[in-house]
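A short worksheet on the structure shown next.
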Amino acid sequence: MVVLSKPAPLHDHYASIKTCKPRISVFKGIPSINLRDPKAKTLIIQACQEFGFFKLLNHGVPMETIARLEAEALSFFNLPRSVKDKAGPPNPFGYGTKGIGPNGDVGWIEYLLINTDQNPAISRSAVKDYVMEVKAVAYEVAELMAEGLGIERRDVWSKMLREEESDWCLRLNHYPISQDLQALSGRKMIGFGEHTDPQIISLLKSNNTSGLQICLKDGTWVSVPPDHTSFVTVGDALQVMTNGRLKSVRHRVMTNSLKPRISMIYFGGPPLSETIRPLPSLMAKGEESLYNEFTWREYKASAYKSRLGDYRLGLFEKA
Ligand code: GA4
């Protein structure tokens, strides 16, 4: 009897990697892509296939808009704990400290999760201006991704992000200097544990402080050199919609005892009712979906039942 082997899966994802290992040598390979480069769409696809992550230059978000929100975030985090607590708990939006998500994850972090102009904690106009600018960049990057993959409708993903009901959120993180024993003894502590972002795309901006690490395809952690520009992260929903061609990247943040880290991340998700499945136009002849289809609402509900480091897409993979 001839046993026909299944075609090799297009994705060599992280399911089999239980824990990424630290890399000994310094890694200098994180791609830097200039949004205005005529080759940007090709470079973005290469970066998202290999890393699910890249540095974005020339994104055009005004420095003042970034600086203003960062200053707002810092002055909020400098308030007394009793005042900050009034903006919490994060269920799921609001101020949180140490605890991440509803299932027992902890990190050396305090944060604000925001998704409307109605947040009670910091200047609404600073949030509004920043989100407007960063969303415009996300739409552009999403369109370049579609073009780079040869999809006829270049707005296929930007449309989901643009919808009035699109499910976005903004995360302002503060990783204080860790002064406890572990830090004093020179060991780094987990600021934000390893995870992939569930959404389509995330845009991260930090205050030029080290700490962010990404997991490479070979299962090793590498540090992202500190930078004041922005980084783009592929989320799980985009991995599914490209049937594994683009990777959602596993990443984490380690704190250091020298400089506090501030990061501001926009997570762009589709409307809750959107069905998440591979785009038919992307599928090669005979190619099958690696995932059972689901709505974004279902994926989110399942994500909030998981632990941070869980391989969330596993529940939706076809056997
Ligand atoms: C990871 C990406 C975003 O920061 C986030 C996180 C969310 C939270 O902090 O409430 C989650 C986490 C994130 C994934 C699994 C669930 C939900 C914590 C958690 C354990 C805001 C998001 O959308 O998903």
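Throughout, read-outs are computed from the coordinates displayed, never taken from laboratory work. Because the structure is predicted, anything quoted here is derived from the model rather than measured. Note that we place each Cβ from the backbone using ideal geometry, even for glycine, and neighbour counts take in every protein chain shown.
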Legend entry - Isolated Cys residues of the chain, judged by Cβ distance under 4.7 Å to other cysteines: 48, 169
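Per residue and in Å³, how big is the convex hull formed by the alpha-carbon atoms of the chain?
146
Restricting things to alpha carbons, find the Rg to Rh ratio for the range 188-319 using the Kirkwood radius for Rh. Could you put the intermediate results ahead of the total?
On the way: Rg = 16.0 Å, Rh = 15.9 Å.
Rg divided by Rh gives 1.01.
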Legend entry - Alpha-carbon gyration tensor eigenvalues x 5, square-rooted, for the range 39-97, Å: 35, 17, 8
Inset, instruction - List the aspartates and glutamates whose Cα lies under 16 Å from the Cα of residue 188, skipping any in the same chain that are fewer than 8 positions away. - result: 180
Inset, instruction - Using a Gaussian network model of the chain whose springs link C-alpha atoms within less than 10 Å, name the residue from 60, 52, 94 with the highest mean-square fluctuation. - result: 60
Legend entry - Distance (nanometres) between label positions extended 7 Å along Cα→Cβ at residue 140 and residue 124: 2.8
Legend entry - P(r) histogram, all alpha-carbon pairs of the range 216-289 included - 5 Å bins from 0, percent: 3, 11, 17, 19, 16, 14, 10, 6, 3, 1, 0
Legend entry - Whole-number percent relative contact order across the chain, with pairs defined as alpha carbons under 8 Å at least 6 apart: 22
Legend entry - the range 196-303: relative contact order as a whole-number percent, Cα under 8 Å and 6+ apart: 32
Inset, instruction - Report, in debye and to the nearest 20, how large the dipole of the chain comes out about its Cα centre when Lys and Arg carry +1 and Asp and Glu carry -1 on their Cβ. - result: 820
Legend entry - Gain upon complete extension [residue 86, residue 319; 0.36 nm per residue less C-alpha separation]: 79.3 nm
Inset, instruction - Rank by packing, highest mean first: peptides 64-72, 28-36, with packing defined as the count of other Cβ atoms within 10 Å averaged across residues. - result: 64-72, 28-36
Inset, instruction - Quote the FRET efficiency, to the nearest 0.05, computed for residue 177 versus residue 217 with a Förster distance R0 of 35 Å and r equal to the Cβ-Cβ distance. - result: 0.60
Inset, instruction - List the residues of the range 97-138 whose backbone N lies under 20 Å from a point placed 7 Å from the Cα of residue 74 along the Cα-to-Cβ direction. - result: 109-113, 121-131
Legend entry - the chain, helix-only ellipticity at 222 nm - DSSP H runs n ≥ 4, -39,500 (n - 2.57), divided by all residues, nearest 500: -7000 deg cm²/dmol
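What's the FRET efficiency of residue 21 with residue 307 using the Cβ-Cβ distance as r and R₀ = 30 Å, to the nearest 0.05?
Given R0 = 30 Å and the Cβ-Cβ separation, E is 0.90.
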Inset, instruction - Report, in whole Å, the centroid distance computed from the Cα atoms of the range 189-233 and the range 247-307. - result: 14
Legend entry - Difference of contour (0.36 nm per residue) and Cα-Cα distance, residue 295 to residue 65: 79.4 nm
Inset, instruction - Beyond 28 Å between alpha-carbons counts as too far, so tell me which of 39/300; 159/247; 41/205 fall in that bin. - result: 39/300
Inset, instruction - With a Förster radius of 30 Å, plug the Cβ-Cβ distance of residue 165 and residue 282 into 1/(1 + (r/R0)^6) and report the FRET value to the nearest 0.05. - result: 0.80
Legend entry - Normalised convex hull volume, the range 270-316, alpha-carbon set, Å³ per residue: 86
